[in-house]
Amino acid sequence: MQFENGSGMMDKVFDMEGLKVYVDATSVMYLDGCVVDYVETLEGAGFKFENPNVKSTCGCGSSFNV
């Protein structure tokens with residue numbers, strides 16, 4: 001993830017309550033049904049992805065297989 005000023009040629013644009021989210025064409029198929037939330041815990045803060053398409057993950061939860 002990174003900040004962008006505008007969409008690329010093949011990007012899908014989502015408007016989330018006034019915030020524009022740009023997703024590249026390849027990633028769209030992997031993110032179908034995905035819920036992204038920002039969480040703050042005692043261990044730290046960051047974005048949490050809940051993706052129903054994931055078939056397996058690694059022990060740390062950073063990588064996944066669809």
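The values are calculated or read from the model by the stated rules, or taken from the named source; none is laboratory data. Note that the structure is predicted; figures quoted are calculated from it, not measured. Counting neighbours? That spans all protein chains shown, and the Cβs are built from the backbone with ideal geometry, glycine included.
Of all the residues in region 26-40, those that are closer than 19 Å to MET9 by Cβ and either assigned to a strand (DSSP E or B) or β-branched (Val, Ile, Thr) (or both) number 2.
Once region 14-42 is narrowed to residues that are surrounded by 11 or more Cβ atoms within 10 Å (Cβ to Cβ) and among the aliphatic types (A, V, I, L, M), the residue that is nearest to VAL54 (Cα to Cα) is LEU31.
For VAL66, are the conditions met, namely being closer than 27 Å to MET9 by Cα and at pLDDT below 70? Judged against the criteria, VAL66 is a match.
Within region 16-48, restricting attention to residues that are of a type in the set (Phe, Trp, Tyr) and modelled with pLDDT of 85 or more, which residue is nearest to GLN2 (Cα to Cα)? It would help to see each step written out before you state the result.
Start the filter on region 16-48 by keeping residues that are of a type in the set (Phe, Trp, Tyr), which leaves 22, 30, 38, 47.
With modelled with pLDDT of 85 or more added as a condition, the list becomes 22, 38, 47.
Numbers: TYR22: 10, TYR38: 15, PHE47: 12 Å.
Among those that are of a type in the set (Phe, Trp, Tyr) and modelled with pLDDT of 85 or more, it is TYR22.
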